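Working notes, structure below.
The values are calculated or read from the model by the stated rules, or taken from the named source; none is laboratory data. Bear in mind that the values here come from a model prediction, so they are computed numbers and not experimental data. Note: ideal-geometry Cβ built from the backbone for every residue, glycine included; neighbour counts use all protein chains shown.
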Amino acid sequence: MSPPARWSGLRWQPHPPVGGSQRPDAPDRSRRVANEAPVRRAVGGPLYGGVELDGRYRLEEAVGRGAMGEVWRGVDRRLGRSVAVKILPPARRARPEQVERFRREARIAAALQHPGITVVHDVGEHNGLLYFVMEYLEGEDLAKVVRRNSEGLPIDRVLGFGIQLADALGAAHGRGVVHRDVKPANIMVTAFDRTKICDFGVARIVERIDGESGTRGIGTPLYTAPEQFEGRAGAQADLYSLGCVLYELLTGCPPFHGTPLELMRRHQSEFPQPVHTLRSDVPDELDALVAELLEKEPAKRPQDAQSVKTRLRDLRRRLREASAEREIAITPQTGGRPAPSGRRGTGEKLEPPPLSLLEAAEGLHAEEGRVSSEAGAVRFGDVLGFAPDADDRPLAVAIGRGDAGPLVADLASLPHLLIAGSVTAEKSAAVHAIVSSLLMRVPPDRVRMILVDSERAELSAYAGVPHLLTPVVTDAGSAIGALRWVEEEMERRYDDLAAHKCRDIDAYNEVMRNGGFSASRSGSDGRIHPRIVVVLEELNELMAISPQETEELVGRLARTARAVGIHLVLATRRVTGRVLPRRIRADIPSRLAFKMNSPEESDLVIERPGAERLRGTGDALYLPKGSSKPIEIRCASPSEHEIESIVDHWVVHH
């Protein structure tokens, strides 16, 4: 498995592999806004630090400055989240065309709801300042990634970027929007190598997507299509620019160099040096696709962005399959198991904390007078003590206590779980019980986790534990990227299972334990694949930003990821047909329902009324897969001090 990267300063660094002996430092994130180059401060311009726009958006730090204004990191005081605020200073309002361009950027970007396009939340005017509010992204632009890879990026990574960019451009073109300035500096790379297309300041909404007039001089000459210099720019012009970006990702340099006039002439009359002459390992099909994107005549380029995405995705799949076939053919000739490469020594084996740790934490609570006095409260440790041996059931988690006694569930059997309740604290308590159960029972070489907390309210308590594949994900856009990465990891694992003729992850891991090594399609060294648990603290946030893709990703993972050891825990406080569409409900049969606002909400979660009558003090109805009737339980949850003790154990020992 190839874990996602984390941010340290301005450079990508992989997380330590499973079993690694070094603890990753807390990431020093390079934060910036998608639309602008980062600056230390808005030198020479007005400083708005501390200004509060319309009583809601407090500006804190200048993070970017461009021709069309300044970008500030701010705080949305109403929702308690970081945002990026782009401001058009009063001095620029004297030019009507700049005001119109600024407003057009906000209007166009706000209409494009896609995980690969920067999200615009709001627009307004405050004391003469025009502004609009965007999601605040953590990452860096693709131009910086290219500069660190002067010989070109790995082929698989280029294909991944290309697939995402083509998908986002296809969504924009489907809404009649032509970007007209696609370039690495306008593409943000965030967690999980996810891309966001930014800066729609020169974009246009057109009636005919195949061309428009009045665009002469718009764009960046290094990446501008030939017809765009002549005043025509339709969807094919964006595809030409995408071809320029792919060319640079593969070779480390753009197709042409020169002054703006020289670039115009060369784009219109010359063909760049073929990619394969600069880099010999580029597949012929990818070389041909880039050349096709860079055709001078728009009609000779691919039909649309969707067809580009399909070709790139098919090529990536074939390359992975071919890699696996080569390794399978080579392995019998080696006569033995090659030494693993690219792994750090495991050092001392990491062991989970003993149950006595929970008792000590609870005792400290008692000394501090913080033990809950609520009658009938269920202690987390009392339930977890009934869990089966972790060697047999590594994904057993404490749920609560029912009439029959303590209740422990096995995520591997569920195999996914939906948690819902109108009271945020109750829903979050159940999530904490699941995460803490895994941390109490299994080391990170057996279970890894991806925690998504888009409301930044709950899961940050687990920062630094070695089980995390990536730092806690705190924005909905990156959460979609996390699900995409999990989908790709699922495909890589299925490739590994096929290469070793195994039915499921347990059979595959048994082969690995017995020395049945052959390198996998994902390029791994044949080590055991730990199980992965993906926790989404608030499904509603993802469904709000990208309902179709979220539904598709969750549905596919829920249907097919169990066999390769990937499990989902979804939680939501908002229970509607939009948040829980029929497809998600059908694919995740195991449910945990807390108090609901109505019988209709209860029916959406557990397929019958009843949850609306719960008292709302930790009481819940648990409906595991295969059960015909929900079980009445009172849920267990670790205290804040117990969570701190569990996290401290892993942080200190890692």
Checklist entry - Taking ALA390, is it without any contact (Cβ under 8 Å) to a residue 60 or more places away in the chain, in a helix (DSSP H, G or I) and of a type in the set (A, V, I, L, M)? => result no
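Would you pick out the residues in region 581-619 that are outside any strand (DSSP E or B) and among the small types (Gly, Ala, Ser)? Break it down stepwise before answering.
Of the residues in region 581-619, the ones outside any strand (DSSP E or B) are 581-589, 594-618.
ALA586, SER598, SER602, GLY610, ALA611, GLY616, GLY618, listed by residue number.
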Next on the checklist: Which pairs turn up if I take residues in region 550-561 that are more than 16 Å from GLU538 (Cβ to Cβ) and look for partners that are surrounded by fewer than 18 Cβ atoms within 10 Å (Cβ to Cβ) and of a type in the set (A, V, I, L, M) with beta carbon separation below 9 Å, at least 6 apart in sequence or on another chain?
Outcome noted: GLY555/ALA586; ALA558/ALA586
Item to check | Pick from region 81-115, criterion at pLDDT below 80 and among the acidic types (Asp, Glu), ranking: surrounded by the fewest Cβ atoms within 10 Å (Cβ to Cβ) | outcome: GLU97
Checklist entry - Of ALA507, ALA499, ALA476, which residue is modelled with pLDDT of 90 or more, among the hydrophobic types (A, V, I, L, M, F, W, C) and farther than 18 Å from MET449 by Cβ? => result ALA507
Next on the checklist: For the structure I just gave you, tell me whether VAL569 is in a loop (DSSP other than H, G, I, E, B), at negative phi and buried (at least 20 other Cβ atoms within 10 Å of the Cβ).
Outcome noted: no
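In this structure, is SER436 within 29 Å of GLY116 (Cβ to Cβ), part of a helix (DSSP H, G or I) and of a type in the set (S, T, N, Q)? Show your work before the answer.
Working: within 29 Å of GLY116 (Cβ to Cβ): no; part of a helix (DSSP H, G or I): yes; of a type in the set (S, T, N, Q): yes.
When the stated conditions are applied, SER436 does not pass them.
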Checklist entry - Scanning for something in contact (Cβ under 8 Å) with a residue 60 or more places away in the chain, outside the structural domain of GLY69 (by TED's automatic domain parsing), on the phi > 0 side of the Ramachandran plot and crowded, with 18+ Cβ neighbours inside 10 Å, does region 150-172 turn up at least one residue? => result yes
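Any chance region 482-498 includes a residue that's over 28 Å from ALA168 (Cα atoms), outside any helix (DSSP H, G or I) and touching a Gly at 6+ places or on another chain (Cβ under 9 Å)?
Taking region 482-498 and keeping what is over 28 Å from ALA168 (Cα atoms), we get 496-498.
Going one step further and asking which of them are outside any helix (DSSP H, G or I), we end up with none.
Looking through region 482-498, none of the residues is over 28 Å from ALA168 (Cα atoms), outside any helix (DSSP H, G or I) and touching a Gly at 6+ places or on another chain (Cβ under 9 Å).
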Next on the checklist: I'm trying to understand the selection: among the residues of region 127-181, which are under 25 Å from GLY74 (Cβ atoms) and of a type in the set (Ser, Thr, Tyr)?
Outcome noted: TYR131, TYR136
Next on the checklist: Out of the residues in region 262-300 meeting the condition of being within 31 Å of the chain's Cα centre (by Cα) and part of a loop (DSSP other than H, G, I, E, B), tell me which one is surrounded by the most Cβ atoms within 10 Å (Cβ to Cβ).
Outcome noted: LEU294
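Would you pick out the residues in region 362-378 that are in contact with a strand residue (DSSP E or B) (Cβ under 9 Å, 6 or more places away or on another chain) and either at pLDDT 90 or above or surrounded by fewer than 18 Cβ atoms within 10 Å (Cβ to Cβ) (or both)?
Applying the first criterion (in contact with a strand residue (DSSP E or B) (Cβ under 9 Å, 6 or more places away or on another chain)) to region 362-378 yields 362, 376-378.
GLY376, ALA377 - these are the residues of region 362-378 that are in contact with a strand residue (DSSP E or B) (Cβ under 9 Å, 6 or more places away or on another chain) and either at pLDDT 90 or above or surrounded by fewer than 18 Cβ atoms within 10 Å (Cβ to Cβ) (or both).
How about region 451-464: which of its residues are at pLDDT 80 or above, surrounded by fewer than 22 Cβ atoms within 10 Å (Cβ to Cβ) and outside any helix (DSSP H, G or I)?
Residues of region 451-464 at pLDDT 80 or above: 451-453, 459-464.
Subsequent filtering for residues that are surrounded by fewer than 22 Cβ atoms within 10 Å (Cβ to Cβ) retains 460-461, 463-464.
The answer is ALA463, GLY464.
Within region 206-214, is even one residue at pLDDT 85 or above and closer than 27 Å to GLY258 by Cβ? I'd like the intermediate steps shown before the answer.
Taking region 206-214 first, the residues at pLDDT 85 or above are none.
No, there is no match, as no residue in region 206-214 is at pLDDT 85 or above and closer than 27 Å to GLY258 by Cβ.
Specify which of the listed residues (ASP496, ASP475, ASP445) is touching a Ser or Thr at 6+ places or on another chain (Cβ under 7 Å), among the acidic types (Asp, Glu) and closer than 28 Å to HIS649 by Cα. It would help to see each step written out before you state the result.
Working: ASP496 fails: closer than 28 Å to HIS649 by Cα; ASP445 fails: touching a Ser or Thr at 6+ places or on another chain (Cβ under 7 Å).
Result: ASP475 is the single residue among ASP496, ASP475, ASP445 that is touching a Ser or Thr at 6+ places or on another chain (Cβ under 7 Å), among the acidic types (Asp, Glu) and closer than 28 Å to HIS649 by Cα.
Within region 91-202, considering only helices (runs of 4 or more DSSP H) that don't extend past its boundaries, which have at least 2 residues that are touching a Phe, Trp or Tyr at 6+ places or on another chain (Cβ under 6 Å) and not charged (D, E, K, R)? Give the steps one after another, and end with the answer.
Working: elements: 96-111, 142-147, 155-174.
Fully inside region 91-202 and qualifying: 96-111.
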